[in-house]
Structures are given as C-alpha cells and as structure tokens.
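The values are calculated or read from the model by the stated rules, or taken from the named source; none is laboratory data. Quick caveat, the model's predicted, so the values are computed rather than measured. Cβ sites come from the backbone with ideal geometry, for glycine too, and all protein chains shown count toward neighbours. Areas reflect the complete protein model, heavy atoms only, side chains present, ligands, DNA and RNA absent. Shrake-Rupley method; radii C 1.70, N 1.55, O 1.52, S 1.80 Å.
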Amino acid sequence: MSARITTRRVVVTSLLVDLFDIASNTVVVLLTGSAVIFAEMAQGIADATGSLLVVIGYWYAGRPRSRAYPIGREREAFFWVLMSALSMLVLGAGLSAWRGYHQVVDPTPLERVPLAFGILVLSICTNGYAFSLSLRKLRQGGLPLLEAFRESRRPLVNMSLVQDGLGTTSSVLGLLALLACVLGRVDILDGVGALVIASLMVICSLALVNQARRLIAGRSVPQAVHTQLRESILTQSDVEAVNSLTAIFAGADQIEVACDLDLRDELTTNDIETLLDRVEARIKRDVPEVTTVRIDLNSIRSSPDHS
C-alpha cells in the first residue's frame, strides 16, 4: 500500500517543476525565439511565484496562536491563494499575451525548432507527474474527480491541480501549435499558440480567484463532511440533540467546528466535562482535518452540581 500523499508534498513538487520549467524554457527561448516557449516560461514564472506564495501561506498558517493572533493564522493561507491566482493572471497571462501579440503582428522565423519540441515533450512529462500527484491527493477521499474537486477539503490541492493541469495542457497545445507552424510554414501560428495559452491562464486564474474569495468569506465544508460531523456527535448516547452545527474551512488543511448541543438533564458537571472531551475526540478522529471544536450547551439546567 502506497504512503498517503501530503498537501506539503503536492505544493513543493509543483514548485520544483515550475522552477525547472523557468530554467529550461529560458534557455530554449533564447535559442529558438519561439512565442510558445516564451509563454511556457511566463507560465512557469507565474506558477513558481504562486507556489512560493502558497508555501509562505502554508508556513504562516501553521504558526502557533499568540496574543496578537489568539485564534491562530490558519485562514491567512487563503489570502496567499488569492495572491497566487493574481500572479497567474498578471505575470503568466499578461506576458504570454504580450509576446503572442508581437509574434502575430510581426512574425519572426523560428530557429532550432527540434529543441523547442524536445523541451515541450519534457514539460509534458514533468507537469504531468505533478498533475498526477495532485490528482491522487484529491481522490484520496474516494469521490469521483469532479465531485472531489468541487467538495475538496484541501483548497491548496485544488490550486496545485489547476496549475499543474494547465502546465500540462499548455505544453500539449504549444506542441501542436509549433507542429502546425513547421508543417504549414506559417510563423504566425507560433504567436496564436501563445495567445491560446494566455487565454487558458486567464480562465484558470479567475477560477482560482473565485475559490479564494469563497474561502476568505468563510465557505462551509461539503455536505458529506457536515453530515459526518453530526453523526460523530450523535454517537455519544448522552447527547440528545444537535441544535446547530457549523463547520468552515479555517486554513490549508484545517476545519473549524462550532455546535450547540442538548444533553441529558441528569448529568453532573463532571459528567458533562467528560462528555465534551469525548465528543471533541470523536469529531477529530472521524474528520482529522478538524483542528478547533467549540461546543455550547442548551440543556444543563437540571444538573445537580450546577449552580
């Protein structure tokens, strides 16, 4: 049985692939002058910047609580996801569109085309591996892909999945554009390929911006997780009812839970304290992403030890 893939491994792998893309594509751009390869380089710069921002956010989110941040800094990770999405929009799409436009209006012949083909094939392999890693992490919950993406408990994995999938797709499209350019001897197609890649980056960056917006606003966990939390609480026989239950994403891999419970009236104060510990432990056992549990009580008025 293979080891479970961590969010940290997914994000760091994506960053390393992006750094490789920047270095290799920069050399090939200088040797070939291809707009498609320039777009690949620009995407690598944008993705590396975005991945680095996410790593920074992951580090900040894991810092302990302090007097300045009494409830922790987990939600700060979502701000860095937003910055990552904007870097793709401004750096990746902007630079790619600029270079593609100039190649369309003033096409220049390509040089050392086989080298460009080679680096695109290599990029497909490296980005494809990073994409498969993100995909496997996303599907660890056993859900179908689309449902897992929509209801993922790990927003940072979604971001890496989009970036790595975009890197793979853009490399394939770039390869086709260069092939058409060489076979048709139409240099303008190299610029068209760069513009198509830029358009894809715009679409993906806007999708990530929208996801970050929902997370910053306090997006609720998927209904399946919400149901699991309620069932976990009701496994305790002394809990008579769950009056309210809210659960939101609180960070990269964190969920924050707040609930209001009805308990059996004859419980003593010591019984209640023990029960609350059991409820919290059961919640964290069944949903490991839960880091904070806040429980309010609605029915302790008859407790013999309660004054």
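Structural remarks
- Accessible surface, the chain, averaged per residue in Å² (probe 1.4 Å): 48 Å²
- Close amide-amide hydrogen proximity is noted between residue 263 and 240, 298, 299, each under 5 Å apart and 5 or more residues distant or on a separate chain (H modeled in the peptide plane; Pro and chain starts excluded).
- Dipole moment magnitude, nearest 20 debye, the chain about Cα centre, only Lys, Arg, Asp, Glu C-beta charged: 560 debye
- Computed from Cα atoms, the angle from the helix 269-286 axis to the main principal axis of the chain rounds to 20 degrees.
- Heavy-atom accessible area for residue 244, with the other protein chains in place and a 1.4 Å probe, reaches approximately 60 Å².
- Debye equation applied to the C-alpha atoms of the chain, log10 I(q)/I(0) at 0.16 Å⁻¹: -1.16
- Under Karplus coefficients 6.51, -1.76 and 1.60, residue-wise ³J(HN,Hα) of segment 200-211 in Hz, glycine/proline x: 4, 5, 4, 4, 5, 5, 5, 5, 5, 4, 5, 5
- Degrees separating the helix 7-32 axis from the principal Cα axis of the chain, which is the longest one: 10 degrees
- For residue 75, nonlocal amide neighbours, meaning residues 5 or more places apart or on other chains whose placed amide H falls under 5 Å from its own, do not occur.
- Each of residue 270 and residue 139 was given a label point 7 Å from its Cα along the Cα-to-Cβ line. The distance between the two points is 5.3 nm.
- In terms of its C-alpha gyration tensor, segment 174-296 comes out prolate, because a/c is 1.5 or above and the ratio a/b outweighs b/c.
- In order along segment 169-179, the phi-based Karplus estimate (6.51 cos²θ - 1.76 cosθ + 1.60, θ = phi - 60°) of 3J(HN,Hα) comes to 5, 5, 5, 5, 5, x, 4, 5, 5, 5, 5 Hz; Gly and Pro are listed as x.
- Amide H contacts for residue 255 (H built 1.01 Å from N in the peptide plane; partners 5 or more residues away or on another chain; cut-off under 5 Å): 250, 290, 291, 292.
- Estimated FRET transfer efficiency when R0 is 45 angstrom, pair residue 112-residue 214 (beta carbons, to 0.05): 0.50
- Each residue of segment 103-114 was assigned a 3J(HN,Hα) from its phi angle through the Karplus curve 6.51 cos²θ - 1.76 cosθ + 1.60 (θ = phi - 60°); the sequence is 6, 6, 7, 9, x, 10, x, 8, 10, 6, 4, x Hz, with glycine and proline shown as x.
- Shown for the chain: the carbon plus sulfur share of the solvent-accessible area, taken with all protein chains present and a 1.4 angstrom probe, equals 62%.
- Full extension of the chain between residue 243 and residue 12 gives 79.0 nm of extra length, using 0.36 nm per residue less the Cα-Cα distance.
- Förster radius 45 Å - calculated FRET efficiency between residue 206 and residue 277, Cβ distance, rounded to 0.05: 0.50
- By DSSP, the beta bridges lying fully in the chain are antiparallel in about 60 percent of cases.
- Translational diffusion coefficient (Stokes-Einstein; Kirkwood radius from C-alpha pairs) of segment 1-94 at 4 °C, 1.567 mPa s, in µm²/s: 88 µm²/s
- Normalising the average separation of contacting C-alpha pairs (under 8 angstrom, six or more residues apart) by the number of residues puts the relative contact order of segment 1-73 at 29 percent.
- Positive-end extreme of charge dipole, the chain - chosen from 134, 89, 103 (charges on Cβ): 103
- Calculated [222 nm] ellipticity per residue, helices only, for the chain: -22000 deg cm²/dmol; basis is -39500 (n - 2.57) per DSSP H run with n ≥ 4, divided by all residues, nearest 500.
- Mean Cα-pair separation over length for the chain, i.e. relative contact order, pairs under 8 Å, 6 or more apart, %: 20 percent
- Note on residue 30 and residue 292: their simple-model spin labels are 4.9 nm apart, each label 7 Å out from Cα toward Cβ.
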